[in-house]
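In what follows, a single structure is set out as structure tokens and then discussed.
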Ligand code: GTP
Ligand code: MG
């Protein structure tokens, strides 16, 4: 299927968003989990900036996509948890702005680290903040068959919906991911606004004492 994609804007405030009413899906996950790489793999071009050094994406980068003769939609690439903080816009503030326009979210988690506290907190928080959400396990190419089986069990134990394994490197899972994105986009109308502020303790944060393998600074 033919895919046309274009970078639209880097958004920091509600005013920056496209003013049409096309649906959109936001990509959320820890820094370095592979959000930008997955967007590139889906769009089959290097349109989103990726890096081995975490924290590259500090605004919400919005891409407009048309696949074949389907209705166009937006994909929003958010900063990793914790890395937009301290600058002009905090991650939570930015996320709330994005969810005000695109209330469908894909939470990306690293298939090598199932059930991290920060990912579980993010999943719970998204349950309050958005209309619809789904989980994707990235970098599945890095797992052996046995590791993959262990990870699948671990994910099943932690998250209620099935976690879709994907790889930006091998392309595994990308067709299923497009199907999932279409489904999310169809339910992406923002909820009527109430108090969207996440409770402090439920907010995903970079943990000071995280071990090296899950530290956002580790090169994964
Ligand atoms: P931030 O923008 O910092 O939040 O990171 P991000 O989530 O956008 O991660 P990014 O796409 O920049 O990828 C981080 C690193 O993981 C890069 O070195 C990628 O090459 C690598 N990576 C991403 N996806 C995959 C994958 O599916 N397989 C493998 N093996 N490596 C991947
Ligand atoms: Mg990125």
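Consider the stretch 1-52 and keep the residues that are near ligand 2 (Cβ under 9 Å from one of its atoms) and over 12 Å from the mean Cα position of the chain (by Cα). The one that is modelled with the highest pLDDT is 48. Scanning the stretch 90-130 for residues that are out of contact with any helix residue (DSSP H, G or I) (no Cβ under 8 Å at 6 or more places or on another chain), surrounded by fewer than 22 Cβ atoms within 10 Å (Cβ to Cβ) and not in a helix (DSSP H, G or I) returns a single hit, 90.
From the list 158, 163, the lone residue that is free of Cβ contacts under 8 Å to residues at least 60 places away in the same chain, within 16 Å of ligand 1 (Cβ to nearest atom) and closer than 28 Å to residue 92 by Cβ is 163.
Can you confirm whether residue 176 is farther than 25 Å from residue 96 by Cβ and either touching a residue at least 60 places away in the same chain (Cβ under 8 Å) or within 16 Å of ligand 1 (Cβ to nearest atom) (or both)? Criteria met by residue 176.
In the set 87, 55, 80, only one residue is crowded, with 20+ Cβ neighbours inside 10 Å, within 15 Å of ligand 1 (Cβ to nearest atom), at pLDDT below 95 and assigned to a loop (DSSP other than H, G, I, E, B); that residue is 80. Among the residues making up the stretch 11-39, those that are farther than 20 Å from residue 183 by Cα, assigned to a helix (DSSP H, G or I) and more than 7 Å from ligand 1 (Cβ to nearest atom) are 14, 15, 16.
Residue 107 - would you say it is closer than 24 Å to residue 160 by Cα, modelled with pLDDT of 95 or more and within 11 Å of ligand 1 (Cβ to nearest atom)? I'd like the intermediate steps shown before the answer.
Details: closer than 24 Å to residue 160 by Cα: yes; modelled with pLDDT of 95 or more: yes; within 11 Å of ligand 1 (Cβ to nearest atom): no.
Taking the combined requirement at face value, the residue does not satisfy it.
Take the residues in the stretch 53-79 that are within 12 Å of ligand 2 (Cβ to nearest atom) and out of contact with any strand residue (DSSP E or B) (no Cβ under 7 Å at 6 or more places or on another chain); name whichever of them is farthest from residue 107 (Cα to Cα). By that ranking, first place goes to 53.
The values are calculated or read from the model by the stated rules, or taken from the named source; none is laboratory data. In this text the structure is predicted, and so the values were computed from the model without any measurement. Note: ideal-geometry Cβ built from the backbone for every residue, glycine included; neighbour counts use all protein chains shown.
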